[in-house]
Amino acid sequence: MFSRIIAAAEAAQPENIDDSIRFVQKISQQGAAWFDAQKANLLLGAVVAAIGIVAALVVWYIFARLLKGIFGRFSDLAGRIFAKFGAPAAWATLLIGLSWANRMVDLPGQIDRMLDKLFYSLFILVFVWGVLRVVGACDDHFAAKREKNPDAGMDKLVADLIRRAVKTVVWIVTILFVAQNIFRFNVTALITGAGVAGLAIAFAAQNTIANIFGALSIVLDKIFKVGDFVDVGGKRGTVEGVGFRSTKLRSLDGTLWNLPNRVVADAAIENISMRKNIKCTFTLSLVYSTTPEQMQQALDILKGICDNYAGFDQKNAPAKFSFTSFSPSSLDIGVIVWFNTRDFMESQRMKQELNLLILERFNAAGLSFAYPSMTNYIVEKK
């Protein structure tokens, strides 16, 4: 019916208003006739489409809620798979319903074929999407087990980069397959033309390519892993992830730094988390009225605290302290300690414990801490 309407539109070339009105009336009559002829089919197609929508919602609920809850009690992997597969299964069900609804109506041949190709293509894309989500769920399950290993951070970086690369390749191949085998595009000519244009794109995307190779350099050299606290060119923070373009650092104040991988690969990197311990240097200042006996008593108290504090590695990194200097307003004891931890916040907790112990013991011994002061002498002239 629509074919005849289109043919009539091409044959008729109205030259005045009356011809135009008659032409519109003719088209309207033929359209109304087509609608009357397809009324039952349109209603049936709408019912099938509605059933497809309801079935899609039911499928999503079964996979993402019901089966996930049932099998998730026995296996974390099964629960993850059903949760991830729910959305693709629902979309596939919806596409099948819409495809059947399309076949219920007698549309023009070209439009009908284009819709069939469109639904078929979308079904393939949804299928690939579902497979990738299931594979991703399996990878997440095993990655959760690998994270129990303290040295698994770099493996996570490698796995993330490989996963993204595989996804990119799979989607490119799938799109090219759909374009060539369903829509009959000349993919070979397209790839050949892309190869010629690729040179210009490569020049325009030098930084992007450099960032990708920078990511590979970071992963292969194992400079750091996710969760490490590092200093990259003066930017300090915890590594949250390494992507194709940038490395994410979360600073202590919560700021998120996105550093280009090419910059990270060329920078001098201090991996603070790889230290065996965390060094802390501080000074204890006593008042000038402190006697030599009291100074020796202070040193003995420090020795007793440091020798018995559990936060130090007494064998490999014992604490060091000594009476170092006569400052303008105090007698100074220099202290160097190494906290037996790699975690910065844990070292701060240990430092607080140590400070409280020193304050308690010094106060109990009657030792007074000094503070910056100045004494002025007034001389009277006679």
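Considering only Cα-Cα distances, which of the following residue pairs are longer than 30 Å: LYS117/LYS248; LYS225/LYS279; LYS248/LYS315; LYS276/LYS303; LYS167/LYS225? Don't jump to the answer; show the numbers that get you there.
Working: LYS117/LYS248 42 Å; LYS225/LYS279 22 Å; LYS248/LYS315 37 Å; LYS276/LYS303 23 Å; LYS167/LYS225 23 Å.
Long pairs (Cα-Cα over 30 Å): LYS117/LYS248; LYS248/LYS315.
Counting other Cβ atoms within 10 Å of each Cβ, which chymotrypsin sites (Phe, Trp or Tyr not before Pro) in region 328-380 have at most 12 and sit in a DSSP loop? Don't jump to the answer; show the numbers that get you there.
On the way: sites: TRP338, PHE339, PHE344, PHE362, PHE369, TYR377; in loops: TYR377.
Answer by residue number: TYR377.
Can you find, among CYS280, PHE344, ALA310, the residue sitting farthest towards the positive end of the charge dipole of region 278-364, where Lys and Arg contribute +1 and Asp and Glu -1 at Cβ?
Value computed over the given set: PHE344.
Which FRET efficiency value, to the nearest 0.05, do you get for LEU44 and ARG184 by plugging their Cβ-Cβ distance into 1/(1 + (r/R0)^6) with R0 = 41 Å?
Details: r = 31 Å, r/R0 = 0.75.
According to the calculation, E is roughly 0.85.
Taking the mean number of other Cβ atoms within 10 Å as a proxy for protection, how do you rank 92-102, 174-184 from highest to lowest?
On the way: 92-102: 19.5, 174-184: 14.3.
In descending order of packing, they fall as 92-102, 174-184.
Cα centroids of region 321-340 and region 93-137: how far apart, whole angstrom?
So the two Cα centres are separated by 76 Å.
So, in nm, how far is label ALA210 from label GLN352 when the simple model puts each one 7 Å beyond its Cα toward the Cβ?
Here the answer is 4.4 nm between the modelled labels.
Based only on Cα atoms, what mean projected area does the convex hull of region 268-374 have, in nm²?
Averaging across all directions leaves 8.2 nm² for the Cα convex hull.
Every read-out reported here was derived from the displayed coordinates using simple, explicitly stated rules and does not represent laboratory data. Remember, it's a predicted structure, so these values are computed and weren't measured experimentally. Because the Cβ atoms are built from the backbone with ideal geometry, glycine has one as well, and the counts that use them run over all protein chains shown.
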